[in-house]
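Have a look at the structure below before the remarks.
The values are calculated or read from the model by the stated rules, or taken from the named source; none is laboratory data. Since the model is a prediction, treat every value here as computed from it, not as a measurement. Because the Cβ atoms are built from the backbone with ideal geometry, glycine has one as well, and the counts that use them run over all protein chains shown.
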Amino acid sequence: MPDDPNAPELYAVLRIMQVIFSLDISTKVQEVFERLKPYSKIPKYHRLIRILWWYFVKNARKESRQGVMAVTETVQKMIGEDEMSMVLEMLKAEGKAEGKAEGKAEGKAEGKAEGVAIGRILAILEVRFNEVSQEIKDTVQSMTDAIALESLVEHAKECKSLDEFAEAVR
C-alpha cells in the first residue's frame, strides 16, 4: 500500500478497492478513516471523507448496524456533528423513500394476486354453472383478503351450486 503523505486519498481509494471482497468491510473502512483523520481539517480531504462515508453508508446494506454506527461515529468526530446531522437526515429520508417504494411494489403484487384469484373464481364458476349472477361477481370482485380468495377458489371447484357458493361468500 502506498503511504504518500501528499496523496492520502490514494491510500483510501486503494484500501477501499482492496476490501470490496472482504466480509468485514466496516473494520477496513474504519481503518481508512483513521488514516485520513490527520487530514480532516483540510477542505479537500474533509469533502473526501464525507463522500467516502456517504458511499459506505449508502452501500452498506449487508453490514451490521453496529459496524455502520462505529464508522459513522468516527466520521462525526472528524468532520463535526452539524454536517453529519444533515447527511443523516438525508439518509433517513432516502430510507423512507425506499421503504415507500418497496411497500408500493408489494401492494401492487398483492393486488395482482388478488386479481388473479378473483379471475380464477369467476372463470371456474362460469365453466361449471354457465352463468354467474352480477351479485356474485360484484361480491367476489370487492374482496381484498387474499387468503379468503384462495379459499373461495377451492370452494368454487367443489360447490354443488351457485347458491351454495353465494352462501359461502356471504
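Go through the range 60-85 and report how many residues are outside any loop (DSSP other than H, G, I, E, B), at pLDDT 70 or above and hydroxyl-bearing (Ser, Thr, Tyr).
Residues meeting the conditions: 2.
Taking the range 7-55, which residues are acidic (Asp, Glu), modelled with pLDDT under 80 and either surrounded by fewer than 14 Cβ atoms within 10 Å (Cβ to Cβ) or in contact with a Cys (Cβ under 8 Å, 6 or more places away or on another chain) (or both)? If you could, list the steps in order and put the result at the bottom.
Step one: filter the range 7-55 for residues acidic (Asp, Glu), giving 9, 24, 31, 34.
Those left that are additionally modelled with pLDDT under 80: 9, 24.
Answer for the range 7-55, where residues must be acidic (Asp, Glu), modelled with pLDDT under 80 and either surrounded by fewer than 14 Cβ atoms within 10 Å (Cβ to Cβ) or in contact with a Cys (Cβ under 8 Å, 6 or more places away or on another chain) (or both): just Asp24.
Does any residue of the range 86-109 turn out to be at pLDDT 70 or above and surrounded by 13 or more Cβ atoms within 10 Å (Cβ to Cβ)?
no
Do the conditions hold for Ser161, that is, is it of a type outside the set (A, V, I, L, M, F, W, C), at pLDDT 80 or above and surrounded by 10 or more Cβ atoms within 10 Å (Cβ to Cβ)?
yes
Here's the yes/no breakdown for (1) in a helix (DSSP H, G or I); (2) touching a residue at least 12 places away in the same chain (Cβ under 8 Å); (3) more than 20 Å from Glu114 (Cα to Cα):
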site	(1), (2), (3)
Val132	no, yes, no
Lys137	yes, yes, no
Ala148	yes, no, no
Ser151	yes, no, no
Glu154	yes, no, no
Ala168	yes, yes, no
